[in-house]
């Protein structure tokens, strides 16, 4: 019997994977590139939130937008200096350069923020409430709610706005979109800004649960990418659902088997799904013109 | 061959250069430290450094070792990573020529150094990591020494404490998933059999775990009436958060990994309920050595206003005594030769230290200077580890 505690814990963690997976999705559909430093960006968001809210005492309504702004700026930097130069040369070296950026960022934070983890004391969201004999942190309701809202907003953006339609056009055929007068370069920058802002948001959401440290984002970033692949990186709902599912799956495995099995079965599941569904559970087969 | 004036001058100066380098090197004796200086347990590395530094300066003020040579500390960060620890130890021995390598909080790192120290014939002095197998390693000759707690003895102590103080009949353990956890798993099984206690279960958790509700739920369902906790600060804090989430208020008796960081800050409101083991406390009436060390720490580190501010105190205390014993061993050996120092550890004169008076602290049968009689039980009051009444 799986307890409600276990399910809720998995749901909250999975929602973080889902948010980051959406970040991977956004840049991939627009530019065919992935920002592998999103895990480090999640950490950056958590650290910035700690600095602004806990250390400087800024109100949460000021600190949160500032963190989103800083995280978004990080996306601009990544796109301009770590992705664009390589794409212009038709190279896939952006893969390595974004990983390198993540390592650089992690070490800069290690030097400036410090080596030790710190906690963000937020009693209003970090003290558990009781529900059906289970203890649940209010933040664990907030995280999936934010994830679902973001996915919904992205869906509405793509269906109901000009920017969204431009994004879809650029995703479907970049050259045709350029001929239609769509500024694809700006759309790619926007995609990177949105994806890193999402990672910053995920960092702020998980910080009260996990504590803040320079190394906090690496494994989360990796698992989120696994979720994006499982869900189908071209599908926003797929990324979110797979992220949540991956978190719940991990939690259930840990409840039933020794914890070492969690990573074995989690990544094993990824391989099995890819064997049978190479484009992920919700992904569509790509069209290649020859 | 005819030399130019420059070559001639060079040929005269070259031997002087070679002669002068060893002379300056010989004026000092280096001791290495391989410990976590970053990451979750960075404070442990800092506290060890402080204990060693205070001791080294005291030794140097009295004339150093080997008839006037200064002791010098050379540190390397192992980042709690066994591979990095091995590289650091090799570099310290082969390049820096340290006489002895001191170790830090992480049992996996210390375990990984057993073969390195044997191969390079250099003594290792553990001042924190408590893994039983670090010193009890079947090596002959054995280069691993320790002034610290030993898991097997701590495990028996933790179970006994839970039994006596909390009337626990079915303790369950939460162990970090690494060699340190394995060491304690064996120790707890052995101790439970000796104390006639039935363990409710032994659960492992990973160092990156965000939540340990699943493992704790299994222990709860198995009827655990106390938790024996083994892990370093960061991940052990996640266990306490998960217990708080479950509203599961059984007593927690912990090994001392939690005292190597900011457990009071990271673990949430239940941090103060955890009782854990230490080898020394700066609280209460001190010996003259204790008063001297506290005064030195206050003088050197302005943030230390009182004993409350001495963070991770066992690191400082163990390192202080271990450095003093090592200086005695170097003098006894009359050399920085690793084999001679190793033999000298077995033949130390009586030494009145911080933790206790050491009389023949090491022998070939036991390379651990501290016994279970040297353990005390503490809990956090603020960020200070204060003895429980």
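Read-outs throughout are calculated quantities, based only on the coordinates presented, and are distinct from any laboratory measurement. This one's a predicted model, so the numbers in the text were calculated from it and none came from an experiment. A quick note on method: Cβ atoms are made from the backbone with ideal geometry, for glycine too, and the neighbour counts reach across all protein chains shown.
Sorting B:347, B:106, B:264 from the fewest to the most surrounding beta carbons within 10 angstrom yields B:347, B:264, B:106. So what's the angle, to the nearest 10 degrees on a 0 to 90 scale, between helix B:179-195 and the longest Cα principal axis of chain B? Tilt of helix B:179-195: around 50 degrees.
Computed over the alpha carbons of the protein assembly as shown, Rg followed by Dmax gives 28.4, 97 Å.
Please grab the % of Cα pairs in segment B:130-217 that end up more than 21 Å from each other. Could the numbers behind the result be given before it?
Working: 1454 of 3828 pairs.
In whole percent, the share of Cα-Cα pairs in segment B:130-217 beyond 21 Å is 38.
Expressed as a rounded percentage, what relative contact order does segment B:204-302 have, with Cα pairs under 8 Å and six or more residues apart?
Working: 109 pairs, mean separation 24.2, N = 99.
Rounded, it is 24 percent for segment B:204-302.
Across all C-alpha atoms in segment B:68-209, the radius of gyration and Dmax reach 17.4, 58 Å. Within segment A:128-230, all pairs of alpha-carbon atoms sorted by distance into 10 Å bins from zero give the percentages 12, 33, 30, 17, 6, 2, 0. Taken along its three principal axes, the alpha carbon spread of segment B:154-312 comes to 51, 34, 28 Å, from the longest extent down to the shortest.
Please determine, in degrees from 0 to 90 and to the nearest 10, the orientation of helix B:233-246 with respect to the longest principal axis defined by the Cα atoms of chain B, where the helix direction is its Cα long axis. The angle comes out near 10 degrees.
Computed from the Cβ-Cβ distance with R0 of 51 Å, the FRET efficiency linking residue A:122 to residue B:372 stands at 0.80. Of the residues A:127, B:365, the one with the fewest other Cβ atoms within 10 Å heads the list, and the complete ranking is B:365, A:127.
Counting helices only, and only those DSSP H runs with n ≥ 4, report the 222 nm mean residue ellipticity of chain B as the sum of -39,500 (n - 2.57) divided by its residues, in deg cm²/dmol to the nearest 500. Could the numbers behind the result be given before it?
Values: 14 runs with 174 residues, N = 389.
Helices in chain B give a 222 nm mean residue ellipticity of -14000 deg cm²/dmol.
Rounded to the nearest 5, the antiparallel percentage of DSSP beta bridges internal to the protein assembly as shown is 30%. As an equivalent ellipsoid, segment A:1-152 spans semi-axes of 31, 20, 14 angstrom, where each value is the square root of five times an eigenvalue of the C-alpha gyration tensor, largest first. A simple spin-label model places pseudo-atoms 7 Å from Cα toward Cβ; at residue B:298 and residue B:140 they are separated by 5.1 nm. Take every pair of alpha-carbon atoms less than 8 Å apart whose residues are at least six positions apart; their mean separation over the length of chain A yields a relative contact order of 38 percent. Seen against the Cα atoms of chain B and their longest principal axis, helix B:313-333 is set at about 40 degrees. Which values of log₁₀ I(q)/I(0), to two decimal places, follow from the Debye formula for segment B:234-289 at q = 0.23 Å⁻¹ with a uniform point scatterer at every Cα? Log-scaled intensity ratios, in q order: -0.89.
When the alpha carbon gyration tensor of chain A is reduced to an equivalent ellipsoid, its three semi-axes come out at 30, 23, 18 angstrom, largest first. Compactness of segment A:30-91 was expressed as the Cα radius of gyration divided by 2.2 N^0.38 Å, which yields 1.37.
How long are the three semi-axes of the equivalent ellipsoid for segment A:186-290, computed from the Cα gyration tensor as the root of 5 times each eigenvalue, in whole Å, largest first?
Over the Cα atoms of segment A:186-290, the ellipsoid semi-axes are 25, 22, 10 Å.
Remark: C-alpha extents of chain B on the principal axes read 90, 45, 39 Å, sorted largest to smallest.
Just the ratio, please: alpha-carbon radius of gyration of segment B:249-389 over 2.2 N^0.38 Å, N its number of residues.
Values: Rg = 17.1 Å, N = 141, 2.2 N^0.38 = 14.4 Å.
It is 1.19.
Would you mind calculating the relative contact order of chain B from Cα pairs under 8 angstrom and at least 6 residues apart, reporting the percent as a whole number? Could you put the intermediate results ahead of the total?
Values: 799 pairs, mean separation 68.8, N = 389.
Rounded, it is 18 percent for chain B.
Cβ-to-Cβ counts within 10 Å put B:58, A:106, B:303 in ascending order as B:303, B:58, A:106, the fewest first.
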